[in-house]
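Here the structure comes first, spelled out in C-alpha cells, and everything after it is commentary.
Each reported figure results from applying straightforward, stated rules to the coordinates on display, with no laboratory input. This structure is a prediction, so every number in the text was calculated from the model and none was measured. Reconstructed Cβ throughout: ideal geometry from the backbone, glycine too, with neighbour counts over all protein chains shown.
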Amino acid sequence: MIQKVSKQTISNVENPQNSFLRKIYRVDTSLLTAYCLLLTVLFSCGKKADNQDFVPKPKGYNRIDLPKNNYQSMTENHPFSFQYSTQAILKPDTVRWAEPHWMYVYYPAYKAMIQLTYKSLNGDKNKLAKLIDDAHKLAAKHHQKAYSIQDLVMKTPSGKTAMLMELEGEVPTYLQFYTTDSTKHYLRGALYFNTALKSDSLAPVIEYLKKDVIQLLYTLQWKK
C-alpha cells in the first residue's frame, strides 16, 4: 500500500524541465498570436489609409485669360463695314474658291476665327432664298455631333434682322449667323477653333467671342 501510494505520488510529480518547456511554449504561443493580430490590424489600417488617400483628380484644362472686350472700326474697302475686336486681325480668305470680300476675323491668342462670306444679291430673290436655305443646311449637317442647335432671331439697333445659330457639342463650329438687306447684300459668318481642346473647356472663349459676333452685327453697315 505504501508502495502504491509512493508510486502514484512519483508519477504525479512533474519533471521541472517539462514544466519549464511548457511555460516557454505557452509564452511563445501568446507572442505569436499577438504578433499575428498586430499584423492584421496594421494591414487593415494601411489598406484603409490607402483607400482614403486615393482620390481621383478631376480632369484639368488649360487656363484661358480673357481681356475686356474692346473694339475698332474696319478700314478696309468692302461693301460693308463693322466693328471688330482689338484682339483680332482681319485676313483675306485664301481658299481656292474664295470670292471677293470673303475674310477671316482671326484671333491669334485663341486660335479662333470668324469666317465671313459675302454675296451680292442684285435684287435676285431666288438667290437670297437659296443662300438662306444653304445657311441652315450648313448648320444642320452638324446635328449628329451637336446635342443642341438653337436658332435665334436678332434685331439690331439700326433695324437689321440677323439669324444666329448656336451649336453645342463636339462640333467644328459653335456659332453661325447670317444677315441681309433682302435686295443687295448678304453676309454669313461662322466661328471656328483650330485647337484640340474640348467644347466644355472652350465654353468661356465661345461666350467671349459671341459678344464680338453680336457687336459685329450691331455695328454692321452696308455700303451703297
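Quick one: of LYS91/LYS130; LYS119/LYS224; LYS91/LYS137, which pairs are farther than 19 Å apart, Cα to Cα? Walk me through the intermediate numbers first.
Values: LYS91/LYS130 27 Å; LYS119/LYS224 14 Å; LYS91/LYS137 26 Å.
The answer is LYS91/LYS130; LYS91/LYS137.
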Here the convex hull volume per residue of region 71-222, taken over Cα atoms and given in Å³, is 115
Around VAL105, what is the net charge, scoring Lys/Arg as +1 and Asp/Glu as -1 over all other residues with Cβ under 9 Å from its Cβ? 0
